[in-house]
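Here is the structure we will look at.
Every number here is computed from the coordinates shown, using simple stated rules; none is lab data. Since we're looking at a predicted model, the values are computed, not measured. Here Cβ is always computed from backbone atoms with ideal geometry, including for glycine, and neighbour counts include all displayed protein chains.
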Amino acid sequence: MVFKNIFRSFWPGVLLGVLSACTGVGPTASLFRPSSLHEQYKQSLSTAKLDRTALGIDWVSAGERALRDSIKITIPYRESGYFPATRAFAVGYRLDAQRGDRFLIKVETQGQKEVQLFIDVFALETRNRTTLIAASKADTNVLAWEPRRTQTYLIRLQPELLRSGRYTITVTREPALSFPVQGRDSRQISSFFGAARDGGRRRHEGVDIFAPKGTPALASVAGIITGVGTSSLGGNVAFLTDNDRNIRLYYAHLDRWNVSNGQRVSIGDTIGFVGNTGNARTTGPHLHFGVYGFTDGATDPLPFIRLGRGPAQQPILSALKLGDSLRTSAARAVVRLAPHSDAAVLRELSKSSALTVIGGTETWLRVELPDGLTGYIASNTTETEKRPLRRFILPVSRPLLDAANGRAATIKSLPIGSAVDVLATENPFQLVRNSEGQTGWLALPVSGAP
């Protein structure tokens, strides 16, 4: 026990010092620099030969497993969790995103010591391959990120080694662009992308935002004005080039312009004024707003400018419940892939099955089963293990194991006549507590046990 205490106080400082030394600066420091802080940290483990230790191997494996076993969420979302210093931890969240979305990932941590937390975003490609898209910077647990394609993405959260703490992750969505009509928002859009035009001979390549004639049409991004002119369809038009996103914004049916070709504008500058020029002469004044990619033509502008979904509303899990041992209280309980009742079922559990709370919300607990499976379970189908299910006397000496596994380590040997309280089950094991208050697993069957 003395050695363990020395290890806990001494080893983290040694490890962090080694890693700091391995990531020093110099003429060659940036020649082969990895693409994210997570990769830099992983490379530091390798340089220090810590990747060959059980601790380093577990850390790398946890990060890879979080990508394979990611949890499906809908935005906005938040949940709490806990990462222990005693073993490697990582968690992955999977979400569907559209081009034009802007996501804000924020992680708050609480612990005895500051912790470096790695936030990485990956695009989920075919055959479950992943490509790194965005990563958090040093000394910040906030990451703003815009998907450039409509597809599924993964957010991975992983702390450095030998740090413990509680965290709350919040993911919210906002539009990537500022709204292009003064005093209006996406609720004033009345004609959408793809709607039929000219008897079905063409499709609407933008959205129409209705407003009184003369209402300022505003720059949605900072960029360069091009294409100021007149056309039969669009009337008075102008383009605004956004080189950061490789798109051009199209403003049409303007009553008049307020810019000229080559002019640089900032967000909120007036491009022109809402009108009904071009083929809109028979309609009410409105701005036709389009988004065109440099290489892929028209794309739906709505995700770029629609209202955000507001703050996450999920009730945060009490810190007192993190790490709790629970058991199922319902005759049939299910562990799901995501925190809602329509999510895919990962496993059905019988009554009194053992669970450990590793995160989630007050409504949906993220739990780990004794065999390592993680998922979500409705909190109203669980109960604490404080009250025993039953008690029995061991008719033979049996080993008290530290896991529900026949090859698990023995905590101690329980002698004949030992009284044990059964707290939960994991076939063919029972989670028990002896008279000294020690908790562990007994293999079944135990002769004489109920």
List the residues whose amide H sits under 5 Å from the amide H of Thr425, counting only those 5 or more places along or on another chain, with H placed 1.01 Å from N in the peptide plane. Ser353, Ala354, Leu431
Take the alpha carbon atoms of the chain, find their radius of gyration, then divide it by 2.2 N^0.38 Å using N residues; give the quotient. 1.29
Note to self, the chain gives a 222 nm [θ] from helices alone (DSSP H runs n ≥ 4, -39500 (n - 2.57) apiece, / all residues, nearest 500) of -3500 deg cm²/dmol
Two-decimal log10 I(q)/I(0) for region 390-443, as the Debye equation yields it once each C-alpha is a single scatterer, q = 0.17, 0.19, 0.28 Å⁻¹: -0.42, -0.54, -1.21
Going toward the positive end of the dipole of the chain, with +1 on Lys and Arg Cβ and -1 on Asp and Glu Cβ, which of Val432, Val357, His286 do you reach last? Val432
Determine how many Å³ per residue the convex hull of the Cα atoms of region 319-384 encloses. 71 Å³
Region 246-344: chymotrypsin sites (Phe, Trp or Tyr not before Pro) in DSSP loop, at most 13 other beta carbons within 10 Å: Phe294
Those lysines that a straight Cα-Cα span of less than 28 Å connects to Lys137, excepting residues fewer than 8 apart in one chain: Lys42, Lys49, Lys72, Lys106, Lys113
Could you give me the ³J(HN,Hα) list for region 334-350, computed from phi with Karplus coefficients 6.51, -1.76, 1.60 and θ = phi - 60°, whole Hz, x at Gly and Pro? 10, 9, 10, 6, 9, x, 7, 6, 8, 6, 4, 7, 8, 6, 9, 10, 7
I need the GluC sites (Glu not before Pro) found in region 55-116, filtered to DSSP loop residues with at most 14 other beta carbons within 10 Å of theirs. Glu114
Would you mind ranking Asp342, Asp120, Asp208 so that the residue whose beta carbon has the fewest other beta carbons within 10 Å leads the list? Asp342, Asp208, Asp120
The Cα radius of gyration of region 253-302, divided by 2.2 N^0.38 Å with N its residue count, comes to 1.32
Region 353-450: trypsin sites (Lys or Arg not before Pro) in DSSP coil with no more than 12 other Cβ atoms inside 10 Å: Lys386, Arg407
Return the aspartates and glutamates within reach of Lys351: Cα separation strictly under 12 angstrom, same-chain partners fewer than 8 residues apart disregarded; answer none if there are no such residues. Glu383, Glu426
Other-chain or far-sequence residues with amide H under 5 Å of Ile271's (modelled H): Ala217, Leu218, Ala219
Using the Karplus curve 6.51 cos²θ - 1.76 cosθ + 1.60 with θ = phi - 60°, work out ³J(HN,Hα) for each residue of region 43-48 in order, rounded to whole Hz, and write x for Gly and Pro. 5, 5, 4, 5, 4, 7
